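The values are calculated or read from the model by the stated rules, or taken from the named source; none is laboratory data. Since we're looking at a predicted model, the values are computed, not measured. Cβ: placed from backbone, ideal geometry, glycine included. Neighbour counts: every protein chain shown. These accessible areas exclude ligands, DNA and RNA; they are computed on the full protein's heavy atoms, side chains included. Shrake-Rupley method; radii C 1.70, N 1.55, O 1.52, S 1.80 Å.
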Amino acid sequence: MIRAYIRYLARARDEHSLHSPFLFALYTRIVRADNRSDAVFKPIKALQKKLRANRQSITVTDFGAGSKVNASRQRTIGDIARNSQKSARFGRLLFRLIRRFEAKNILDLGTSLGITTAYMAQAAQAGRVLTFEGCPQTAAVARQNFDELGIPNVEIVVGNLEETLAAQITQFPSIDFVFFDANHRYEPTIRYFEICLTKIHNDTVFVFDDIHWSAEMEQAWEYIKAHPSASVTVDLFWIGLVFFRQEQPRQDFILRF
């Protein structure tokens, strides 16, 4: 990832390179915005701090590429909170994106402890977040966290995403927002992408986590960028954004975050 990050830094640009009004507004008002002081985030931040200190051990069932930090099946909640959760910075970005596009039907592929899910659910309080988790014990902790935060608009689907995603997605007439943070390998990532493509509309937003995490994820990102359904993609190194707006010229961007 160090080499990938050096390449990213050499190629990444800022708002001065953007001529599209849509991308300029998205980048300056959403991607680079700073809403860390919003009161809605305080309970989530407090819970995340508490989870990092939690020494309770659980048995992790992992259907994906696993952790680069700790591959053990027995892990403490604190270890998962410190090493497997996206930082608050990314949670706030997802929150801003959901608010910007007024997303109501949201899929979260990879619940973990539910912190990132909580940011998304708070952004769409009048909507619904369907989140998928392969590990039953991790999902149980996430349920407790949603209850503690008083978040009612999240439903957890437990099980192998290979078996649950296609069946669950049929209940939606369309999907507004998807966060892909499940199996960090090429074939599953592409499969989940193409399943979710069946429910997109013009303003749907896909967000892919860890697009430079491995050679397989970089290969998956290249496939997604080249897909004819994608009109605009944005590489922020840690995550990638995909838009399907037919009125936008076909472009790929690498931007600083």
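Per-residue counts of other Cβ atoms within 10 Å, averaged by peptide: what ranking do you get for 90-98, 22-30, highest first?
90-98, 22-30
Under Stokes-Einstein, with the Kirkwood radius over Cα pairs standing in for Rh, what whole-number D in µm²/s applies to region 1-139 at 4 °C and 1.567 mPa s? Roughly 76 µm²/s, to the nearest whole number. Per-residue Karplus couplings for region 166-179, computed as 6.51 cos²θ - 1.76 cosθ + 1.60 with θ equal to phi - 60°, are listed in order as 4, 6, 6, 5, 5, 6, 9, x, 7, 10, 9, 7, 9, 10 Hz, Gly and Pro entered as x. Taking amide H atoms as placed 1.01 Å from N in the peptide plane, the amide H of SER84 has no partner under 5 Å among residues 5 or more positions away or on other chains.
Report, in listed order, any pair from LYS42/LYS86; LYS50/LYS199; LYS49/LYS199; LYS199/LYS225 with a Cα-Cα distance greater than 28 Å.
Working: LYS42/LYS86 16 Å; LYS50/LYS199 37 Å; LYS49/LYS199 36 Å; LYS199/LYS225 18 Å.
LYS50/LYS199; LYS49/LYS199, as the Cα separations exceed 28 Å there.
Overall, the accessible surface of the chain at a probe of 1.4 angstrom is composed of carbon and sulfur to the extent of 49 percent.
Could you pull out the GluC sites (Glu not before Pro) across region 167-257 that fall in loop regions by DSSP (anything but H, G, I, E, B) with no more than 11 other Cβ atoms inside 10 Å?
Working: sites: GLU194, GLU216, GLU218, GLU222, GLU247; in loops: GLU247.
Passing both the DSSP loop test and the Cβ count: GLU247.
Comparing Cα centroids, region 8-55 and region 124-175 end up 23 angstrom apart.
Using only side-chain charges placed at the Cβ, +1 for Lys and Arg and -1 for Asp and Glu, the dipole size of the chain relative to its Cα centre rounds to 1000 debye. Across all Cα pairs in the chain, the calculated P(r) in 5 Å bins from zero up to the longest distance comes to 1, 6, 14, 18, 21, 18, 13, 7, 2, 0, 0 percent per bin. For region 158-221, the Kirkwood hydrodynamic radius from C-alpha pairs, put into Stokes-Einstein at 20 °C and a viscosity of 1.002 mPa s, yields a diffusion coefficient of 174 µm² per second. Looking only at HIS201, HIS184, HIS19, which one moves most when the chain is put into a Gaussian network model with springs between Cα atoms under 10 Å? Of HIS201, HIS184, HIS19, the most mobile in the Gaussian network model is HIS19.
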